[in-house]
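**Student:** Dropping a structure here in structure tokens format, bear with me for questions.
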Amino acid sequence: MTRRAVRRALAAFALALAGVPSPADDTLAVAFTPDEIAKILAHGPWPPEVKRDPSNRVSGNADAIAYGERLFFDTRLSANGLVSCARCHQPGRHWTDGQARSIGLSPGDRNAPSVVDARLNRWFGWDGANDNLWAQSIRPMLDPREMGMTEAAVARTIREVPDFACRYRRTFGRAPGTDDRRVVVDVGKALAAFQETLASGRTPFDEFRDALARGDRAAIARYPDAAKRGLRIFVGRGSCDVCHTGPRFTNGEFHDIGIAHFAAPGRVDPGRHGGIATVRSSPFNLLGRHSDDAARATATSTRHVAQEHRHFGEFRVPSLRNVAATAPYMHDGSVKTLADVVRHYSELNEERLHVHGERILKPLRLTPEERADLVAFLETLGDGAPVFRHTERGRLECE
Amino acid sequence: MVPRHARLLVASALAMSPLAATAADLPVFDAHVHYSHDAVEVLPPADAIAVLRKAGLKRALVSSSGDDGTQKLVALAPDLILPSLRPYRTRADVSTWVRDETLVPWLEERLAKSRYVAIGEFHVYGADADLPNPRRVVELAKKHRLVLHAHSDVDAIERLFRHDPRARVLWAHSGFERPDEVRAMLRRHRNLWCDLAFRSEHGSDGKVDPAWRSLFTEFPDRFMVGTDSYTPERWHYVVEHANWSRAWLADLPKDLAERIAWRNGEALFGAAPAR
Ligand SMILES: [Zn+2]
């Protein structure tokens, strides 16, 4: 049997169970149709298989991971010595900063996304201005509003701080050389190796989804009815799963849901339109010489990405895993709570959408109960935020 | 040498704030500009005109829900703005105007008060084009000698021409149809012009697609470009769009490029606006 056939069989089984009225148990308060079940099962399984990143030769390397951990929490990679990656990606805040828009050396235009599960992205940042995790990790160091370094300053710091230089040797098998660009890229790759280890865990939704696949009534019953009703809106009338697809609840692409995108009065955040221009011209993209993927097999999307007018004002569809822990929302943090997000979709201002654009989006006109159900569902996508513990290897000084 | 990362920054800055056009640049007739109340709020009329001038536009065909935005621009820059009367009082009329009995009196009142070169851009599809309101709009266009700017499918365009075979129609976004379908329509209707707003595939990356090239060559007098500023933010795309248009137009013979860039718009709407 093919995987799809197995899935279908399981779905049918689950439906049979969920649909048989049985007064003695309340698993059936919310029953799903076969179509709904198929759509729900498509949001798993979780977690996905861990794969190395072929564009990063130290992906999965234990020394690189420990090195990246060090660098991530160190403020010396910033121009004023005060800003680390962890300032905006705080472990205790699900690797975000809780701000609407992040503030590094000066205020920026965008909300800091979590770096958990970032290894699964095809495009990085709200605008997809990078196509790989190490390039995305270089960006904040060189961005004048975030950490404000030059490539020369990053490379000098790596050469001069003994622990950094020692770890560099250990990870890359040679001392940090005089080629600044090369050192910077390697720093990005160590940072990426560390971030690849940040993976979100199983959630109440995953337990429910797998129970549905197994036809496990008792486990199905444990998932709250409000969440079940919200899930039905998510895969049904709301068409949320058209963009928030698959196990990560994102298709990884860019859309316009009618959020204003002025960065400041008189200044616009071009979103994906700017991202495409940047990723194409970036010396750190997967087509460039710094990718370790000799076959350039990972570069297909970058090679074919095409600039279109609709990309102006599009932003990446965010993953919804742990979404309840990462307020505020949207590329600019302009939406405060999940209830507000749901209200946005419920009352959607169609005037902001091009007639030929996102045809899937219509104001849903949800009742207050339905809105609460949808929020209840989104809240089941959390893994309980396990506490981050520094690794032994990351803690000890390198000698 | 400029450090590499600095060049990167320059590249992204360019993407965000495109360079102003210079006198040497190809003039552009932008056939698809909207300036509705929300845009007026964030981008006052004088600033809006400045954007259009920065883009190096020779003229802009402007329509706005409520019409006030258009009138404000005309008052400031009559040389630049060609006013079109949009049959919407608010943008919510998009899907209801065809059946709204209060609409036509409002249009008549507007037409009596101000001068226009077109009615549109309006949205009408299929058999809805036979409803009384679209029919009245065609009549009004005939009476006032206005061009119809229609965001429509093939079926609705055919019906508009049935109401008035001598109507002049500017087909917004060329109906989002493929080149073959557009060609068939242009062969059938001598009074059909096409705007290319909000489409990218004909001139992606400064290269003209072969199917479109042959269409442009067959009908050099019928195409024009347009930005479609349907949100206030899109006003910040007008300059970028003009430059983008110049890039693909440069891939065509000079005469053809000039026609699509501005001569066709000038020819259709006339150097001096109607009435
Ligand atoms: Zn249109």
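**Student:** Could you tell me which GluC sites (Glu not before Pro) in the range B:64-121 are loop residues by DSSP with no more than 11 other beta carbons within 10 angstrom of their beta carbon?
**Tutor:** Working: sites: B:Glu101, B:Glu108, B:Glu109, B:Glu121; in loops: B:Glu101.
Passing both the DSSP loop test and the Cβ count: B:Glu101.
**Student:** From Cα pairs below 8 angstrom and at least 6 apart in sequence, can you work out the relative contact order of the range B:27-270, rounded to a whole percent? Please list the in-between numbers first.
**Tutor:** Values: 462 pairs, mean separation 52.1, N = 244.
Value for the range B:27-270: 21 percent.
**Student:** Still on this structure: Where in chain A are the helices, taken as whole DSSP H runs, whose Cα atoms extend 18 angstrom or more along the long axis and whose Kyte-Doolittle mean reaches at least 0.5?
**Tutor:** The answer, listed by residue number, is A:3-19.
**Student:** Work out the charge dipole of the range A:334-399 with +1 on the Cβ of Lys and Arg and -1 on the Cβ of Asp and Glu about the Cα centre, then indicate which of A:His390, A:Val341, A:His354 is farthest towards its positive end.
**Tutor:** Positive-end residue among those listed: A:His354.
**Student:** A further question follows. How far apart, in nanometres, would the label points at B:Asp130 and B:Thr90 be if each is projected 7 angstrom from Cα along the Cα-to-Cβ direction?
**Tutor:** Each label point lies 7 Å from its Cα, and together they span 3.3 nm.
**Student:** Can you report the principal axis dimensions of the range A:62-199 using only the alpha carbons, biggest first, rounded to whole angstrom?
**Tutor:** 40, 30, 26
**Student:** Are there any GluC sites (Glu not before Pro) in the range A:344-387 that are in a DSSP loop and have at most 11 other Cβ atoms within 10 Å? List them by number.
**Tutor:** none
**Student:** Another question about this same structure. For chain A, what's the relative contact order in percent, using C-alpha pairs closer than 8 Å and at least 6 residues apart?
**Tutor:** Value for chain A: 23 percent.
**Student:** Across the Cα atoms of chain A, what radius of gyration and what greatest pairwise Cα-Cα distance (Dmax) are found, in Å?
**Tutor:** Reported Rg and Dmax, both Å: 22.5, 75.
**Student:** What spacing in nm lies between the two simple spin-label points modelled at A:Thr300 and B:Asp47, each 7 Å away from Cα in the Cβ direction?
**Tutor:** 4.5
**Student:** DSSP loop trypsin sites (Lys or Arg not before Pro) in the range B:153-246 with at most 14 other Cβ atoms within 10 Å of their Cβ, which ones? Could the numbers behind the result be given before it?
**Tutor:** Values: sites: B:Arg159, B:Arg162, B:Arg166, B:Arg168, B:Arg183, B:Arg187, B:Arg188, B:Arg190, B:Arg199, B:Lys207, B:Arg213, B:Arg222, B:Arg234, B:Arg246; in loops: B:Arg166, B:Arg168, B:Arg190, B:Arg199, B:Lys207, B:Arg222.
Answer in residue order: B:Arg166, B:Arg190, B:Lys207.
**Student:** Enumerate the residues in the range B:119-159 having an amide nitrogen under 19 Å from the point lying 7 Å beyond the Cα of B:Asp221 toward its Cβ.
**Tutor:** B:146-148
**Student:** Just how large is the dipole of the range A:254-355 about the Cα centre, in debye to the nearest 20, putting +1 at every Lys and Arg Cβ and -1 at every Asp and Glu Cβ? Please report the intermediate quantities before stating the final value.
**Tutor:** Numbers: 12 positive and 11 negative charges, 70 e Å.
Its charge dipole is roughly 340 debye.
**Student:** Once you charge only the Cβ atoms, +1 for Lys and Arg and -1 for Asp and Glu, what is the size of the charge dipole of the protein assembly as shown about its Cα centre, to the nearest 20 debye?
**Tutor:** The dipole of the protein assembly as shown has a size of about 1040 debye.
**Student:** Between A:Arg289 and A:Arg170, what is the label-to-label distance in nm when each label sits 7 Å out along the Cα-to-Cβ direction?
**Tutor:** The answer from the label model is 3.1 nm.
**Student:** Can I ask one more? Convert 25 °C to kelvin, take the viscosity as 0.890 mPa s, use the Kirkwood radius over C-alpha pairs of the protein assembly as shown as Rh, and evaluate the Stokes-Einstein diffusion coefficient in µm²/s, rounded to a whole number. Display every interim value, and only then the final one.
**Tutor:** On the way: Rh = 27.7 Å.
It comes out at roughly 89 µm²/s.
**Student:** Sort B:Val42, A:Val387, A:Val323 by heavy-atom solvent-accessible area, probe 1.4 angstrom, most to least. Display every interim value, and only then the final one.
**Tutor:** Numbers: B:Val42 75, A:Val387 110, A:Val323 10 Å².
If we order B:Val42, A:Val387, A:Val323 from most to least accessible, we get A:Val387, B:Val42, A:Val323.
**Student:** Under the rule of -39500 (n - 2.57) per DSSP H run of 4 or more residues, summed and divided by the residues of the protein assembly as shown, what mean residue ellipticity at 222 nm is obtained, to the nearest 500 deg cm²/dmol?
**Tutor:** On the way: 28 runs with 270 residues, N = 674.
Mean residue ellipticity, 222 nm, calculated: -11500 deg cm²/dmol.
**Student:** What accessible area, summed over both chains, is buried at the A-B interface (1.4 Å probe, Å², nearest 100)? Walk me through the intermediate numbers first.
**Tutor:** Numbers: alone 18590 and 12510 Å², together 28230 Å².
Chain pair A/B: roughly 2900 Å² of buried accessible area.
**Student:** Give me the accessible area of B:Tyr125, 1.4 Å probe, in Å² rounded to the nearest 10.
**Tutor:** 100
**Student:** Between B:Glu201 and B:Ala24, how high is the FRET efficiency from 1/(1 + (r/R0)^6) when r is the Cβ-Cβ distance and R₀ = 45 Å? Nearest 0.05.
**Tutor:** FRET efficiency, B:Glu201 to B:Ala24: 0.95.
**Student:** Want the number for B:Asp180 to B:Ala250: 0.36 nm per residue separation, take away the alpha-carbon distance, what's left?
**Tutor:** Numbers: separation 70, 0.36 × 70 = 25.20 nm, distance 2.32 nm.
Separation in residues times 0.36 nm, less the Cα-Cα distance, equals 22.9 nm.
**Student:** Let me ask something else about it. Residues in the range A:57-94 near a label at A:Arg395, defined as backbone nitrogen under 18 Å from the 7 Å Cα→Cβ point?
**Tutor:** A:63, A:65-74, A:91-92
**Student:** Put one equal scatterer on each alpha carbon of chain B, apply the Debye formula with no solvent term, and list log10 I(q)/I(0) at q = 0.14 1/Å to two decimals.
**Tutor:** So the normalised log intensities are -0.96.
**Student:** Cα-based count: Lys pairs in the protein assembly as shown below 21 Å, eight or more positions apart or different chains?
**Tutor:** 10
**Student:** While we're looking at this one, here's another question. If you check each cysteine of chain A for another cysteine whose beta-carbon is under 4.7 Å away, which ones come up empty?
**Tutor:** Lone cysteines by the Cβ rule: A:Cys85, A:Cys88, A:Cys240, A:Cys243.
**Student:** Also: Considering every residue in A:144-151, what mean count of other chain Cβ atoms within 10 Å of its Cβ is obtained?
**Tutor:** Values: counts 1, 0, 0, 0, 0, 1, 3, 4.
Mean inter-chain Cβ contacts per residue within 10 Å come to 1.
**Student:** Taking R0 as 41 Å, what's the FRET efficiency between A:Asn251 and B:Ala75 from their Cβ-Cβ distance, rounded to 0.05? Spell out each step's value before the answer.
**Tutor:** Numbers: r = 46 Å, r/R0 = 1.12.
Between A:Asn251 and B:Ala75 the formula returns 0.35.
**Student:** I'd like to know which of A:Ala66, A:Leu374, A:Ala324 lies farthest towards the positive end of the charge dipole of chain A, counting +1 on Cβ of Lys and Arg and -1 on Cβ of Asp and Glu.
**Tutor:** Going by the charge dipole, the pick is A:Ala66.
**Student:** Which FRET efficiency, nearest 0.05, do A:Arg52 and A:Ser239 yield, Cβ-Cβ r, R0 51 Å? Show your work: numbers first, answer last.
**Tutor:** On the way: r = 35 Å, r/R0 = 0.69.
Step by step, r from the Cβ atoms, then E = 0.90.
The values are calculated or read from the model by the stated rules, or taken from the named source; none is laboratory data. Given the structure is predicted, the values throughout are model-derived calculations rather than measurements. A quick note on method: Cβ atoms are made from the backbone with ideal geometry, for glycine too, and the neighbour counts reach across all protein chains shown. Calculation scope for accessible area: heavy atoms of the full protein, side chains included, ligands and nucleic acids excluded. Shrake-Rupley method; radii C 1.70, N 1.55, O 1.52, S 1.80 Å.
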